[in-house]
Amino acid sequence: PTCAMTAASAGIRINHRLKLASSSRAVVEIVHELGHDFSESNAALALHKLGSHGVQALASDQVDSVLRVVQRLLPTMQGSHVATCVMAYSRIAMGAWDRRVWFRETLLEAVDATEGDPSVVPRELADLSWGLVQLDNQGSTELQDRVGRVVGAGVRSGMLCERSTARLLWAAGSASVSTTALAELGAVAVPLLPSFSAQDTANMLWALAKGGPGGLEAAEAGARQAAESMAMHPRRWAARHVSAAAWATAVMGCRESKAVMGSVEAWVRPCSKLGQDGQQALANIVWAFAAVQHHPDDLEAYSAVAATCQGFLPQEAAMLGTSFHVLRLPKTSPFWSVLVEQCKAWTEPRAVSQAWWALAGTGVDVDFVSLAAAPSFEVVLKSAEASAVLWSLTLLHSPPTEVVRRTAEACSGLTTTMPPKALAQAISACQALRLPVVAYESRAAQLLDQELPLEDVPGAARVCDLLRLRHPSLPQLAMRASAEGSALGFKQQVAVLGACATLAVPCSPLAAEVRSRLLSGGYRQDSSSVLSIAAWALALLGEDPGGEVRLHLLSKIDHAQPGEEVSRWIQVCESLEIEGHEVAQFVASLPQPPQESNVSQTHRRVSEALQEMGVAHSIEVPLGRRVVDIFVPDRNLVLEVDGPTHFTLCGQLSGQSLFRNRVLEAQGYIVRSLPLKGLSRKQDLQPVLKQLL
């Protein structure tokens, strides 16, 4: 007992001297003098003081001498002391820890050994999580696991304050911990939001956006807090916090995103706030505006600031380009000429492909042949981003033939290494440019025979859709999208559901999951295009009993974009009408697509064969909301002349064709499909027509 009291007294005296140390040199002197008598508490305090004062004035061997003393005592330290050491060492290392792997590994072993130590209070857990992220900025799996366990301990403690919660959220987002852990931590943060600083609120939103859709409810509360705080206390918000909040709100698709963007726009005025020192903030804010379709009043002012800023990273400049394209910046803006010149020298394939997409989509007067001669184009042709450039060329009125050829050849040569998403983009571009896609079919079959990572599931489903490939693995892809939907995200689930609908592949579990999320609001505020695909797919698959989801979505959509989206909503309305629902008012509010007569040579050949058989008929006849190919009134018969696009590669009718038949049959017509394969001559047609009649 006497020895223990003497040691404790010595430890108290050493702690007192360390607290009075006014510089890092003074700390080192104390360690050299008394290090052999240090207790665990003394070692942790010495490292803390070293981290507070900084080590810039010390030689490397002086720092190492302190670390050796701490390393000796780490195995017997309590969890609270270990947390202090992690926080302090992360400040000391600041990117140089690779030289001291010996200490870092001992430190992480101590972290693992003291897991669950009740002496660690929530504040220390928060510091520990922050320090762990600083010690492993590579985002390893070990970091993810460690920070995830620390976050779980913090949530279970039930004693988290505002500062600790905000710091844990930042660390959880940086380490990409599981969606569930982030959602639980977000739920803890919601009641603390009124006490959060601007930085804490921005960090919370940023972390939840990094974690995926699981924290949507907490993100909604954070977005409301950000919008109100930014409007009432703008001086508390720095540019980096404003841009982080805008970016995260847009990524999560919060319903409060419009309110946040309004507050952001008011905060940014005048745009010169985001000059030379705010390039990344400017890029993130404009991207967020584009993501939620918020059109600022002074878009030209944003582009003027962007055009005069120097030192944009390629990815930032490309992001600005795509965002300004979405926001419809006039093609005469000086920003576009600046983007063209910068793009020529870039070496990042994704940035180059995004710039091409923005320039082509905006219709800027650019010599794309000259742009393709720049070194940056060769960089793109060696990567999967070649598929994005090929798609960009489809946006041009007259794409340069030589540029198309070079890009298509590059894509064809990269099929074995392209991820499914890029493969789908290349196939879609080739189809739009009327280029052969045979080279992609074998690769698609090979790809679908493999066990794919979850993030590749939507791309693989899209490949099946484009190639009309009803592959045996598609039901399994749909099952994975259903079972792992929280990690995959709602938009990606809808993409898989859409592919199943097109190919008439049953996928009841996935359809039920999408229905549930649509009715409960458990999805981000996606664009009307995503919602139209969800409603359309449920209609084609017959997976919305009573029409509850379709009617719910019709009531939410304010407007639809012309083209394919309107066509989908009309088909949704058709499905509701044949089930007895009244939707005429909504259909009347849609932009009506023109019903142009499209009498092809094939239709004429079938018509001539019917005339020779003495069958009275009409071509291109409007029946309800549809125009049918051939109508035989005496028999109340509809003949649909179906080419290859109406069938899957294995010869089954596509989902849309089956839905067309279902709608017409519900209206009382007899529907027959006339496959054109092998019926190129008139004499071949008559026996088939006799059988159908």
- Item | Eligible lysines near Lys49 by straight Cα distance, threshold 26 Å, same-chain separation 8 or greater | Lys19
- Under 26 Å from the Cα of Lys344, which lysines turn up, not counting those fewer than eight places away in the same chain? Lys331, Lys382, Lys421
- Report Ser197's accessible area, 1.4 Å probe, all protein chains in place, as a number in Å² to the nearest 10. 50 Å²
- Please give the per residue volume of the convex hull enclosing the alpha carbon atoms of the chain, rounded to a whole number of Å³. 190 Å³
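When the helices in the chain are scored as -39500 (n - 2.57) per DSSP H run of 4 or longer and the sum is shared across all residues, what 222 nm value do you end up with, to the nearest 500 deg cm²/dmol?
Values: 37 runs with 445 residues, N = 693.
Calculated from helices alone, the mean residue ellipticity at 222 nm is -20000 deg cm²/dmol.
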- So what is the relative contact order of the chain, in percent, for Cα pairs below 8 Å that sit 6 or more residues apart? 6 percent
- Task: Using a 1.4 Å probe and counting only protein heavy atoms, arrange Glu455, Glu579, Glu565 so the residue with the most accessible area comes first.
- Result: Glu455, Glu579, Glu565
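Which value, in debye to the nearest 20, describes the size of the charge dipole of the chain about its Cα centre when Lys and Arg Cβ atoms bear +1, Asp and Glu Cβ atoms bear -1, and nothing else is charged?
On the way: 59 positive and 67 negative charges, 71 e Å.
That gives a dipole near 340 debye.
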- Each residue of segment 182-196 in turn: what ³J(HN,Hα) in whole Hz from Karplus with 6.51, -1.76, 1.60 and θ = phi - 60°, glycine and Pro shown as x? 5, 5, 5, 5, x, 5, 5, 6, 3, x, 8, 3, x, 9, 6
- Message: Through the Karplus equation 6.51 cos²θ - 1.76 cosθ + 1.60, θ set to phi - 60°, convert the phi angles of segment 234-250 into ³J(HN,Hα) values in whole Hz; use x for Gly and Pro.
- Response: x, 5, 7, 9, 8, 4, 5, 6, 4, 5, 5, 5, 5, 4, 5, 4, 5
- Per its Cα gyration tensor (rounded if a/c is under 1.5, else prolate when a/b beats b/c, else oblate), segment 371-440 is best filed as oblate
- Message: I need the shape label for segment 608-693. Rule: rounded when a/c is under 1.5, else prolate if a/b > b/c, else oblate, with a, b, c from the alpha carbon gyration tensor.
- Response: oblate
- Note on the structure: For Thr308, the accessible surface traced by a 1.4 Å probe with all protein chains present amounts, in square angstrom to the nearest 10, to 90 Å²
- Message: What are the ³J(HN,Hα) couplings of segment 609-615, residue after residue, when phi is run through the Karplus curve with 6.51, -1.76, 1.60 and θ = phi - 60°? Round to Hz, x for glycine and proline.
- Response: 4, 5, 4, 5, 8, x, 9
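Of the chain, which part is the longest with no trypsin sites (Lys or Arg not before Pro) in a loop (DSSP not H, G, I, E, B) and with at most 16 other C-beta atoms within 10 angstrom?
Numbers: sites that count: Arg255, Arg328, Lys331, Lys344, Lys382, Arg434, Arg625, Lys677, Arg681.
Longest stretch, sites excluded: 1-254.
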- Would you mind checking the tilt of helix 122-135 against the longest principal axis of the Cα atoms of the chain, expressed as 0 to 90 degrees and rounded to 10? 70 degrees
- In Å, what Rg and Dmax follow from the Cα atoms of segment 365-492? 15.8, 49
- Message: Rounded to the nearest 10 Å², what accessible area does Trp391 have for a 1.4 Å probe in the complete protein model?
- Response: 80 Å²
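The values are calculated or read from the model by the stated rules, or taken from the named source; none is laboratory data. Remember, it's a predicted structure, so these values are computed and weren't measured experimentally. Note that we place each Cβ from the backbone using ideal geometry, even for glycine, and neighbour counts take in every protein chain shown. Heads up: the accessible areas ignore ligands, DNA and RNA and are worked out on the full protein's heavy atoms, side chains in. Shrake-Rupley method; radii C 1.70, N 1.55, O 1.52, S 1.80 Å.
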